[in-house]
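Since the structure comes first, as structure tokens, the remarks are kept for the end.
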Amino acid sequence: MKAIIMAGGEGSRLRPLTCDRPKPMVPLMNRPMMEHIIALLKRFELINIGVTLQYLPEQIENYFGDGREFGVKMQYFTETSPLGTAGSVKNAGAFLDETFLVLSGDALTDFNLQSAIDFHRQKGGVATLVLTSVENPLEYGVVINDQSGRITQFLEKPSWGEVFSDTVNTGIYILEPEVLQYIPEAARFDFSQDLFPLLMAKGYPLYGYVAAGYWCDIGNLQQYHQAHLDILQGNVQFKLVEREIAPGVFVGEGAVIEQGAEISAPVLIGSGARISSGARVGEYSVIGANTQVAPFASIKRGLAWRNGYVGNHVEIRGAILCNRVQVMRGSSLFEGAVVGDDTVIEENCIVKPNVKIWPHKRLESGSIVSESLIWGTKPARSLFGFNGISGIVNLEVTPELVAKLSVAYGSLLGEGSQVVVSSDDWKASRMLKDAAMAGLLSAGIRVYDLGISVTPVTRQAVKQLGVKGGIHFQLAKETNTNTRIKFFDAEGLNLTKAWERKIEQAYYREDFKRIEGVNVGETVKLTNYTEFYLEALLRSLDLPLFGAKRKKVLLAYPTPWLYSLLVPLLQQLNCEVVTISLPAGEPLTLTILQNNFAQVAAAVQQTDADLGVVIDANAEELVLFDRKGRIIADELFLALSALIVFRSAKDGTTAVPITAPAVIEQLAKQHAGRVLRTKTAPRALMEALSGQEMRSGKVDPFTLSFDAIASLTKVLEFLAEHETEMSELLDSIPPFFLNKREVACSWGAKGAVMRRLIEETRDSEVELLDGVKVRHGDGWALVLPDSERPIYRLYGEGYSAEAAAELTDLYAKKIIKIQEELDNFNA
């Protein structure tokens with residue numbers, strides 16, 4: 001059997017390690033990653049090897065040659081432009097005249113390849129995917145197969161709501177030559193995204209072999225460091241060629257360890273290296289060939305490549321030094337720092353955690369480096385979460401981060417593009433907005449500054465001004481120490497997940513276009529744009545309707561900005577406005593507002609108001625109160641909105657998330673309407689609500705869901721047109737019972753828990769649109785992994801409050817039990 005090694009990867013997430021070398025040539029335990037893959041193939045007598053190349057191909061060809069030195073035969077197939085995983089293999093089609101195995105040149109594994117080959121031959125399919133279980137499946141292709149091993153479903157790089165298993169595609173495939181006919185010539189074509197779905201559509205059985213053993217896709221710097229730790233800890237079947245001079249101390253040929261040097265196992269010291277007297281090389285360290293460690297230097301969990309120098313009294317703590325790096329006397333480098341080739345760090349410098357220094361730099365003596373030099377990466381689970389970017393101001397979300405993020409965004413949009421920027425009236429939001437504007441301007445972006453605004457106004461400005469996107473900074477709804485940053489596309493919608501990933505990747509790489517000073521962008525002040533928003537809103541209303549009857553509206557706790565907008569607007573709509581406010585002080589988050597809903601309900605009754613209104617600081621959440629003081633929020637407001645849509649147009653259509661109660665469908669049936677269900681992510685709901693079929697009536701469902709100001713006016717217009725009261729509308733909505741709760745679940749267990757839940761509910765009526773939704777008689781339960789926190793969110797609807805609570809309790813117990821079983825298994 002022949003083998004194909006895919007070695008065209010650029011390895012952008014491993015920069016600065018890959019600035020001057022292709023990813024398969026990055027050293028792992030002092031030898032290129034791909035050398036370990038070749039050794040694995042040789043172990044199973046797969047010695048006829050083809051290699052696909054694209055990025056810096058000559059380095060790989062020059063190092064491995066024809067393979068003779070490594071006991072194999074090697075041929076090379078170079079792409080002139082990226083062809084994707086399957087396309088690169090098709091490029092080697094002339095070589096592949098028999099069953100062949102495909103694997104990546106930049107992963108670490110000790111799988112028994114012969115067992116996978118035997119499985120493939122036994123099943124007789126055209127393709128076998130080698131699978132494994134991982135703690136965090138988000139960055140991989142999740143695969144579900146049946147008891148026979150046949151693949152039934154797979155999803156490339158899912159969100160947590162789409163994680164149905166912790167079994168993932170390792171990128172190791174055993175294929176028959178006939179699959180090549182389905183791969184187009186000289187075109188970008190991937191295995192997971194293109195070929196495998198095509199084969200399944202044509203009826204070919206695809207099988208998944210779940211391999212035992214170790215596998216690590218070395219995709220980022222953290223995984224790269226962890227791979228070394230795993231090898232030194234003995235978690236991988238990995239044969240080191242260096243001599244073991246003491247338990248766990250491996251030393252290459254010609255290395256010198258002077259008397260008085262302290263070595264703590266496990267460590268690897270490369271050939272020709274010198275560890276001086278008084279130096280300390282601590283556990284989980286790797287010293288490259290010919291590197292010198294001077295007296296009283298200390299290295300712990302450090303990786304130093306070849307031909308480097310670590311000076312007197314230098315401290316290395318969990319840092320990576322590339323080839324020919326010199327660290328001079330008294331300097332310190334801390335956890336996660338990475339220093340590129342040929343860099344000199346002069347005396348008494350401090351390189352702080354997670355700083356990345358690109359190749360060929362020189363740090364002056366005494367420098368304290370807390371930001372990456374020229375290009376770099378900030379480790380994080382993910383910048384973007386469920387609804388934009390959020391975090392603690394000046395700790396997790398700093399002006400520096402925002403400026404850099406904005407440069408990344410602007411670089412992707414392109415010089416000369418136009419972007420709208422705004423913030424709410426919280427002073428931290430204004431600070432971060434200024435940082436974003438600086439970043440955008442440095443990327444050559446023309447910035448339209450709305451000043452203080454709210455989210456729906458900014459959305460409209462993006463669309464009306466015809467710009468490429470927008471950014472809005474706002475106080476988080478949960479706590480007044482946190483901010484939330486929202487990015488909008490040209491339609492004013494939240495960005496797609498693909499665009500969020502592009503921005504993250506550009507941010508981490510810091511591979512920004514640097515333009516000349518004369519070409520930086522310009523700022524256009526549009527601080528009066530709200531007037532255009534209000535004019536458009538008033539044009540959309542049937543104003544004579546409001547003259548028939550004057551309504552009394554109690555407006556509770558508006559921000560100063562909202563007060564100045566809403567009071568005149570409501571007065572124009574023939575409303576008498578009564579306001580109540582909280583004592584001046586900390587910013588009013590939605591959580592603080594919710595804690596005061598009882599006071600609002602009482603005030604509505606005391607003032608005999610027709611309607612009570614609470615709007616959050618960014619005008620995204622509208623909460624209403626009827627004359628009886630009943631609170632209309634969350635799912636009840638969703639039901640009210642749906643009722644208004646259905647009654648405002650024949651065949652009225654709306655979209656709601658999968659978490660919405662079934663009463664929405666009941667209302668649709670009563671009024672000949674239609675309901676679309678979507679994922680819970682805001683972008684998914686926005687896309688559905690922006691569809692042409694949603695715009696058939698007077699009321700736009702998008703407005704009711706995402707614009708609290710316009711939504712309030714539309715509710716008032718509906719009440720006036722139908723000469724009805726809010727209480728009457730509420731009474732026409734059938735009662736429903738929804739229960740919500742959270743259950744803690746570690747990030748590492750989330751995928752396994754989801755897989756087990758699917759297995760346990762296989763014989764039930766299950767919906768996998770977002771999370772796992774299971775029907776139970778007259779109710780349902782939804783188990784949804786949270787994308788930002790280590791928890792599961794549980795939803796249950798039943799014929800009574802008790803029944804709904806029982807459903808969420810049932811699945812909470814299941815999740816807890818599964819985690820306990822996983823802990824016992826791993827103990």
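The values are calculated or read from the model by the stated rules, or taken from the named source; none is laboratory data. These numbers were taken from a predicted model, which means no experiment stands behind them. No Cβ is skipped: glycine too gets one built from the backbone with ideal geometry, and neighbour counts run over all protein chains shown. Heavy atoms of the whole protein, side chains included, go into the accessibility calculation; ligands, DNA and RNA do not. Shrake-Rupley method; radii C 1.70, N 1.55, O 1.52, S 1.80 Å.
Listed values, structure above:
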item	result
Angle between the chain longest axis and helix 634-648 axis [Cα atoms, degrees, rounded to 10]	60 degrees
Loop-located GluC sites (Glu not before Pro) in the stretch 197-298 whose Cβ has at most 12 other Cβ within 10 Å (DSSP)	GLU253
Amide H partners (placed H, <5 Å) of VAL578, local residues excluded	VAL553, LEU554, LEU555
Global form of the stretch 375-513, assessed from the alpha-carbon gyration tensor, a/c cut-off 1.5	rounded
Using a Förster distance of 22 Å, the FRET efficiency for GLU335-HIS360 (Cβ separation, nearest 0.05)	0.40
Whole-Hz couplings from phi, Karplus 6.51/-1.76/1.60, listed for the stretch 493-507; x for Gly and Pro	8, 4, 5, 5, 4, 4, 5, 4, 5, 4, 5, 4, 5, 5, 5
Accessible surface, the stretch 420-550, averaged per residue in Å² (probe 1.4 Å)	43 Å²
Three-way shape label, the chain, alpha-carbon gyration tensor, a/c 1.5	prolate
Cross-link pairs beyond the 31 Å C-alpha cut-off, checked among LYS628/LYS740; LYS549/LYS628; LYS669/LYS814	LYS669/LYS814
C-alpha long axis of helix 747-760 to longest principal axis of the chain, angle in °	70 degrees
Net charge dipole size for the chain [Lys, Arg +1 and Asp, Glu -1 on Cβ; Debye, nearest 20]	660 debye
Prolate/oblate/rounded call for the stretch 70-229, Cα gyration tensor, a/c under 1.5 rounded	rounded
Carbon/sulfur fraction of accessible area - the stretch 86-160, other protein chains in place, 1.4 Å, %	40 percent
Full-stretch length increase - GLU10, ARG762 - with 0.36 nm per residue and alpha-carbon distance subtracted	266.6 nm
Stretch gain in nm, segment LYS513-ASN394, where the contour uses 0.36 nm per residue and the Cα spacing is subtracted	40.2 nm
Candidate aspartates and glutamates - alpha carbon under 17 Å from LYS433, same-chain residues fewer than 8 apart omitted	GLU396, GLU400, ASP424, ASP425, ASP449, GLU522
Calculated [θ] (222 nm, deg cm²/dmol) that DSSP helices of n ≥ 4 give over the chain, each run adding -39,500 (n - 2.57)	-9000 deg cm²/dmol
Simple label model, 7 Å out from Cα along Cβ direction - THR527 to LYS73, nm	7.7 nm
Gain upon complete extension [ASP542, ALA672; 0.36 nm per residue less C-alpha separation]	44.3 nm
Sites GLU283 and LYS497, calculated FRET efficiency, Cβ-Cβ separation with R0 30 Å, nearest 0.05	0.15
Simple label model, 7 Å out from Cα along Cβ direction - GLU258 to GLU415, nm	5.3 nm
Spin-label model distance (nm) - ILE580 vs LEU810, 7 Å beyond Cα toward Cβ	4.1 nm
Highest-first arrangement of 748-755, 59-66, where packing means the average Cβ count within 10 Å	748-755, 59-66
Nearest-ten-degree value, helix 427-442 long axis tilted from longest Cα axis of the chain	50 degrees
Within the accessible area of the stretch 727-827 (1.4 Å probe), percent carbon and sulfur	48 percent
Total charge dipole magnitude, the stretch 330-452, about the Cα centre, Cβ charges on Lys, Arg, Asp, Glu only, Debye to nearest 20	260 debye
Beta bridges by DSSP in the chain, antiparallel share as percent, to the nearest 5	40 percent
Mean separation of Cα contacts under 8 Å, 6 or more apart, over the residue count of the chain: relative contact order %	8 percent
Residues GLN594 and LYS650, FRET efficiency given R0 of 51 Å [Cβ-Cβ distance, rounded to 0.05]	0.90
